[in-house]
Every structure is written in structure tokens, then in C-alpha cells.
Amino acid sequence: MIRNDVVETIKALAGDAGHKKILEVYNSQQTLPRGYKMKYSDAWCAATVTAVFLMHGWSGVAECSCGQMIEKAKKLGIWVESDDYRPAAGDIIMYDWQDSGVGDNKGVPDHTGIVLDVTGETMYVREGNKDKTIGNRVMRLNSRYIRGYIVPPYEKTKIS
């Protein structure tokens, strides 16, 4: 699995067609997380991240729940909670909208997306279920609402 390929996949998903593709891929899993089939009306940010990675053959944190994604990532040793972590394109960001902004955020995660790029102190993220569509968010590194990151097991280099 290559970082850039994951980033290009989520960038290509857009609008209602992207939402339908996400649910199609998520619901096609042999064993659905907790046996739950996603409906069109469900919150679908975690399903978006899951579907993108399933398209690249990785089901390590496949979930429809942000909290359960973190638990799976902890078990795999790929959860990063350090405030000074500098994410890379393809990392999974987890948010907690109830973050007070004081100290290390250990709250319940509410939302997730995939980092597209980091330039200077600015991070660009793409998310499913952002304002009921697939959209982008721009954030400063180490800012309020960041719960932590999942760092998938990417290959070091692309093999031609």
C-alpha cells in the first residue's frame, strides 16, 4: 500500500456518487464490523476512511465507529497521540469536537479523515460526511480538536 495511492483515491471520491461508492465498498466486507451494514442516512466519516483503505487491500482499522478505529489502531501499535506528531499524507486524523484546548486531548473521537498534505504548519485533510458531503478541511498542526492519528503500515517505496 502506497501513501500517494491512498491520497489519490480519497481525492477522487466526490459528491453523491462518492458517498454511494463508499457505502458499496464498506458494505461489501466479508465480515462487517459489529455486523452492522451502513445505511445512506448514517454518519459515514469512519466508513469513508475504511472504504478507501479497503480499496487498497488493508482492513486493519476497518470500522464505522471512530472510537473503535482508535481501539483497533492501539492494538496494532499504529495509534499516535503525541501532540508534537507531524502527520504525513495518508495518515488518518481523528477529531474530538468537545476538546477544551487545554492539555492533551483524551476525549471521545467524533470525526475522521485522511491527511492529503502538510505544508509548513498547515495540514490539508479530506473527509467523508463533512457538511453531508465529501469535503476538505484546512487546519494548523497541533491545533484544538485533534484527538490523534492512525499511521497505517505503508510500504517505504513504490515498486515499479
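General remarks:
- Rolling a 1.4 Å probe over the protein heavy atoms leaves C64 with an accessible area of roughly 30 Å².
- Sparsely packed loop sites in region 1-52 (the trypsin sites (Lys or Arg not before Pro) outside DSSP H, G, I, E and B with at most 15 other Cβ atoms within 10 Å) comprise K37, K39.
- With all protein chains in place and a 1.4 Å probe, the accessible surface of region 11-120 carries 52 percent carbon and sulfur.
- A P(r) calculated from all alpha carbon pairs of region 10-160, with 10 Å bins opening at zero, reads 11, 43, 36, 9, 0 percent.
- Here the Karplus relation 6.51 cos²θ - 1.76 cosθ + 1.60, evaluated at θ = phi - 60°, turns the backbone of region 112-124 into coupling constants of 8, x, 10, 5, 8, 6, 10, 10, x, 9, 10, 10, 10 Hz, with x for every Gly and Pro.
- The GluC sites (Glu not before Pro) of region 1-92 that DSSP puts in a loop, and whose beta carbon has at most 16 other beta carbons within 10 Å, are E81.
- Note on S28 and E8: the extension gain reaches 5.1 nm, defined as 0.36 nm multiplied by sequence separation minus the Cα-Cα distance.
- In sequence order, region 60-71 has phi-based couplings of x, 10, 4, 6, 10, 10, 4, x, 5, 4, 4, 4 Hz under the Karplus curve 6.51 cos²θ - 1.76 cosθ + 1.60, θ = phi - 60°, and Gly or Pro positions carry x.
- Only one residue of V49, Y95, M38 has its Cα farthest out toward the positive end of the dipole of region 1-133, where Lys and Arg carry +1 and Asp and Glu -1 on Cβ, and that residue is M38.
- Anchor K37: aspartates and glutamates whose Cα lies under 12 Å away (excluding residues fewer than 8 positions away in-chain): E24, E63
- Between amide H atoms placed 1.01 Å from N, distances below 5 Å from I146 occur with D96, all of them 5 or more places distant or on a separate chain.
- Cβ-placed point charges (K, R +1; D, E -1), dipole of region 78-160 about Cα centre in debye, nearest 20: 260 debye
- For region 1-81: rounded, prolate or oblate by the Cα gyration tensor [a/c cutoff 1.5]: oblate
- Long-range HN-HN contacts of D117 with modeled amide H, under 5 Å: Y124
- Mean-square fluctuations from a GNM of the chain, with a 10 angstrom spring cutoff on Cα atoms, peak among H56, H111, H19 at H56.
- E121/Q68 FRET efficiency (R0 25 Å; Cβ-Cβ; nearest 0.05): 0.25
- Each Lys and Arg contributes +1 and each Asp and Glu -1, all at the Cβ; summed about the Cα centre of the chain, the dipole is approximately 340 debye.
- For the chain, a Gaussian network of Cα nodes joined below 10 Å ranks D99, D131, D117 by mean-square fluctuation, and the top entry is D131.
- Residues of type lysines that K39 reaches as a straight line, Cα spacing below 21 Å, ignoring anything fewer than 8 places off in the same chain: K20, K21, K130, K132
- Chymotrypsin sites (Phe, Trp or Tyr not before Pro) within region 14-122, DSSP loop, no more than 14 other Cβ atoms inside 10 Å: Y36, Y40, W97
- When T50, T119, T31, T9 are compared by accessible area at a 1.4 angstrom probe, the order from most to least is T31, T119, T9, T50.
The values are calculated or read from the model by the stated rules, or taken from the named source; none is laboratory data. Fair warning: this is a prediction, and the values are worked out from it, not measured in the lab. All Cβ positions, glycine included, derive from the backbone under ideal geometry; neighbour counts span all protein chains shown. Ligands, DNA and RNA are stripped out before the accessible areas are found, and what is left, the full protein with its side chains, is counted by its heavy atoms. Shrake-Rupley method; radii C 1.70, N 1.55, O 1.52, S 1.80 Å.
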